[in-house]
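A.B. asks: Mind looking over this structure? Questions follow.
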Amino acid sequence: MAIPARKSRKKAIGGCRFTGTIRVFHDAIQIPRLEVLRLKEHGYLPTTVKITSATISEKAGRWSVSICVHHASHADDLPPLGEEEEGPRSATGEAIGVDLGIKMLATLSDGRTFKNPKALRKKITALKRASRRHSRKPKGSANRKKARMRLARMHARIAHVRQNALHQATAEIVARTRA
């Protein structure tokens, strides 16, 4: 019988899953063994459905909660697993071609273009500086941990800028082609 390998506390992703009696209010969520957690977005989570579990996770210093719900009224409408709905789906608008690129985020077949946000290029000097500061700190120190979190927040910010540009572009494509 082998001895389990030691797992570092430093590499663990912060987060855990809760089941049991989870209550959602307009501006808060109550999870077992925790106090009432205030929500940033009010009225966002459904209050009338049965919540099966809640997962609290942390990424780059930001905490989030995601819930898994069971909605009884929709469960009867869904086809059994493995079976597809019969019949073709109707198109809601015209077809449009999208060419994803590097210089431009996307170019549409009707000539419209979406600019690439160039998030990394704008933050590269600050990112390099933060990376150097992190590498110069002694391993295992509290200041290295703070520098690592600062660097992680910068990387997360760059990722969020890219995600936001993509969401805005896709939302505009859908809105314009439906009209």
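A.B. asks: How much length, in nm to one decimal, is gained on full extension between I102 and R178, taken as 0.36 nm per residue of separation minus their Cα-Cα distance?
C.D. replies: Here the answer is 24.7 nm.
A.B. asks: Now for a separate question. Using a simple charge model, +1 on the beta-carbon of Lys and Arg, -1 on the beta-carbon of Asp and Glu, nothing else, what dipole does the range 15-71 show about its Cα centre, in debye to the nearest 20?
C.D. replies: Charge dipole of the range 15-71: 120 debye, to the nearest 20.
A.B. asks: For the chain, what are Rg and Dmax over the alpha carbons, in angstrom?
C.D. replies: Expressed in Å, the Cα Rg and Dmax of the chain come to 22.8, 66.
A.B. asks: Another question, then. Would you compute, from DSSP H runs of 4+ residues alone, the mean residue ellipticity of the chain at 222 nm, taking -39500 (n - 2.57) per run and dividing by the full residue count, rounded to the nearest 500?
C.D. replies: Helix contribution divided over all residues of the chain: -11500 deg cm²/dmol.
A.B. asks: Calculate the spin-label point distance for V49 paired with H26, positioning each point 7 Å from the Cα along the beta-carbon direction, and give it in nanometres.
C.D. replies: 2.1
A.B. asks: Dipole of the range 15-71 (Lys/Arg Cβ +1, Asp/Glu Cβ -1, origin at the Cα centre): which of V36, S64, F25 lies farthest to the positive side?
C.D. replies: Of the options given, the answer is S64.
A.B. asks: Would you mind working out the magnitude of the charge dipole of the chain relative to its Cα centre, with +1 at each Lys and Arg C-beta and -1 at each Asp and Glu C-beta, to the nearest 20 Debye?
C.D. replies: With only Lys, Arg, Asp and Glu charged at Cβ, the dipole is about 2940 debye.
None of the figures in this text is laboratory data; all of them are computed from the coordinates on show. What you see is a predicted model; the values in this text were computed from it and never measured. Virtual Cβ from ideal backbone geometry, glycine too; neighbours counted across all protein chains shown.
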